[in-house]
Number of protein chains: 2
Amino acid sequence: MTNPTAAILIIGDEILSGRTREGNAHFLAGELTRVGIDLKEIRIVADEVAAIANALNTLRGTYTHVFTSGGIGPTHDDITADAVAHALGVPLDVREDARALLAAHYAASGLEFNAARLRMARIPADAVLIENPISAAPGFSIGNVHVLAGVPSIFQAMVASVLPRLTGGRPVLSQTLRIDQGEGVIAEGLAGLAAEFPDLSIGSYPFIQNGAYGTNIVIRGTEARQIDAAMTRLSTLFPKEAR
Amino acid sequence: MTNPTAAILIIGDEILSGRTREGNAHFLAGELTRVGIDLKEIRIVADEVAAIANALNTLRGTYTHVFTSGGIGPTHDDITADAVAHALGVPLDVREDARALLAAHYAASGLEFNAARLRMARIPADAVLIENPISAAPGFSIGNVHVLAGVPSIFQAMVASVLPRLTGGRPVLSQTLRIDQGEGVIAEGLAGLAAEFPDLSIGSYPFIQNGAYGTNIVIRGTEARQIDAAMTRLSTLFPKEAR
């Protein structure tokens, strides 16, 4: 049995301009690993309906789930719901349940429920709302597409709402060994180890620290015992005194 | 005249697992903005030849430039050069100029030039080398594809080598105004401003700080005078005392 797969689509002018460093995909990547959904791709596209819709149609046809982040607020540049409706060929109108959520929230906080805010109640008819415990405006799931907010605290709250609904797989476990040698020294032994444990993914991540080369070896898989065995072999190959 | 465009392709099991937070695309995004190359898309794919080659073929056909990051070291999981050669349909062999660079580096540092390290001299015949002042193993440009290392310090050094070769456009300038109000309050005025300045991109980025809503308005364009005019209008729309 293979794990379900996922992609994340970030609506991201702010990332593409270099102004903001991506953080939501990083957060969700860790959560998906934890529940056994294999994240296979992250795409960051411009805040343009065509770019969002095209990416969405490719990703939702390729992976079990697609999560989007950003572009569901009340301003003129919030076009994700429009792009999702366009990509899926479904109408997008103010939905009564979403409108009621917002009305209650604004009434309780003494804020005006104006036309801009009403835009956030536009939800495709067949979509399931995703709760927003922070600012009420909901995300939504339609088919295998999960539309989440871009503000990190709201994004994280929505991830907490939507993930328990999804069927996970076997969590991918990992162990890391730091070796204080460059990749060029350990490459041959490592290739042998990878051949010995074909069911595991053995990644080699070089770094430079205080001018010295080192490598983090990350062994990933779903069988804890197999990972333990590979780690033991790895420690034998590169004993601590030689590390 | 429109600016050249670009995409960044990160070879990124480490990002997809949630272990590492992406940083190279963030760095390059800022550099591209500075030289007037419009970054339109970032993709992060798994360390798999098919995933890399497919993404590369789409991106190099769509944008003026594609930059890749990661997977050009000496270990078994370094497959980017293979994937690029596969995608472009060109052979990949040890090239004499790259071999000489590595040989000189290892001779000078007293390290063994072993078979694993020799893998890093495999460069497509028509590619132009990209200098690596840190650990010698070069990146390369072939057609509109620029293949860079994944270690951040080396990635940044390679960006410094390759960017001056590329024809830039008009740098995208930006100014930001922080407004201490939620998006719902300012959305209407902002939509009017966006309509008034159709050549500018006016982005609205909400945040929550100490429990209060605020919004950063980022105005982007290539004409400094136009951006100044829009910023003045914005300040008039949302005077400081109301911010």
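For A:GLU31, the solvent-accessible surface with a 1.4 Å probe is about 40 Å², rounded to the nearest 10. Accessible area ranking (1.4 Å probe, heavy atoms, ligands and nucleic acids excluded), largest first, for B:PHE207, B:PHE67: B:PHE207, B:PHE67. Taking the longest Cα principal axis of chain B as reference, the axis of helix B:96-109 is set at about 90 degrees. Once the C-beta distance of A:SER153 and B:ALA50 is scaled by a Förster radius of 35 Å, the resulting FRET efficiency is 0.40 to the nearest 0.05. Taking all protein chains together and a 1.4 Å probe, the residues A:SER17, A:SER153 rank A:SER153, A:SER17 from largest to smallest accessible area.
In percent, rounded to a whole number, the relative contact order of chain A is 17, using alpha-carbon pairs under 8 Å and six or more apart.
Cα axis of helix A:24-35 to longest principal axis of chain A: angle in degrees, 0 to 90, nearest 10? It is inclined by approximately 70 degrees. Charge dipole of the protein assembly as shown (Cα centre as origin; +1 on each Lys and Arg Cβ, -1 on each Asp and Glu Cβ, all else neutral): 380 debye, rounded to the nearest 20. Put A:GLU223, A:GLU131 in order of accessible area, highest first, and with a 1.4 Å probe you get A:GLU131, A:GLU223.
Heavy-atom accessible area buried between chains B and A is around 4500 Å² (1.4 Å probe, both sides summed). Looking at the range B:150-194, which residues lose a minimum of 40 Å² of accessible area between their chain alone and all protein chains in place, measuring with a 1.4 Å probe and not counting ligands or nucleic acids? Listed by number, the residues meeting the 40 Å² cut-off are B:VAL151, B:GLU183, B:GLY184, B:ALA187. What the Cα convex hull of the range B:5-165 gives, in volume per residue, is 106 Å³. Taking all protein chains into account, the per residue accessible area for the range B:5-165 stands at 36 Å² (1.4 Å probe). Using equal-weight Cα scatterers in the Debye expression, the normalised intensity of the range A:173-242 in log10 at q = 0.18, 0.26 Å⁻¹ is -0.62, -1.21.
Are there any residues in the range B:63-95 with a reduction of at least 20 Å² in accessible surface when going from the isolated chain to the assembly of protein chains? Probe 1.4 Å, please list them by number. The answer is B:PRO74, B:THR75, B:HIS76, B:ASP77 - residues whose exposure falls by at least 20 Å² when every protein chain is included. Protection proxy ranking of A:180-188, A:46-54, by the mean of other Cβ atoms within 10 Å over each peptide's residues and highest first, is A:180-188, A:46-54.
Here is how far apart the A:ARG165 label points are across copies: 4.9 nm, shortest first, using a point 7 Å from Cα toward Cβ. Among A:ALA108, A:ALA83, A:ALA29, which one moves the most in a GNM of chain A with springs linking Cα atoms closer than 10 Å? Among A:ALA108, A:ALA83, A:ALA29, the largest mean-square fluctuation in the Gaussian network model of chain A belongs to A:ALA108. Protein heavy-atom accessible surface, 1.4 Å probe, per residue over the range B:173-242: 50 Å². Using 1/(1 + (r/R0)^6) with R0 = 56 angstrom and r between the beta carbons of B:SER235 and A:ASP180, what's the FRET efficiency to the nearest 0.05? That gives a FRET efficiency of 0.55.
Inter-chain Cβ neighbour count for B:19-25, averaged per residue, equals 6 (cutoff 10 Å, partner chain atoms only).
The relative contact order of the range A:113-243, computed from alpha carbon pairs under 8 Å that lie at least 6 residues apart in sequence, is 19 percent.
For chain B, the longest principal axis of the Cα atoms and the long axis of helix B:224-237 meet at an angle of about 40 degrees. Give the distance, in whole Å, between the Cα centre of the range A:141-195 and the Cα centre of the range B:62-100. So the two Cα centres are separated by 25 Å.
Using a probe of 1.4 angstrom, how much of the accessible area of chain A is carbon and sulfur, in percent?
Heavy-atom surface of chain A belonging to carbon and sulfur, 1.4 Å probe: 53 percent.
When +1 charges are put on Lys and Arg Cβ atoms and -1 charges on Asp and Glu Cβ atoms, the dipole computed for the range A:63-148 relative to its Cα centre reaches about 40 debye. The heavy atoms of B:THR236 offer some 90 square angstrom of accessible surface to a 1.4 angstrom probe. Across the options B:HIS65, B:VAL84, B:SER135, the greatest Cα extent toward the positive end of the charge dipole of the range B:5-165 (unit charges at beta carbon of Lys, Arg, Asp, Glu) belongs to B:HIS65.
The values are calculated or read from the model by the stated rules, or taken from the named source; none is laboratory data. The structure presented is a predicted model; accordingly, all values stated were derived computationally and were not measured. When we count neighbours, we look across all protein chains shown, and the Cβ atoms used for this are built from the backbone with ideal geometry, even at glycine. Remember, those area values only see protein heavy atoms, side chains included, never the ligands or the DNA or RNA. Shrake-Rupley method; radii C 1.70, N 1.55, O 1.52, S 1.80 Å.
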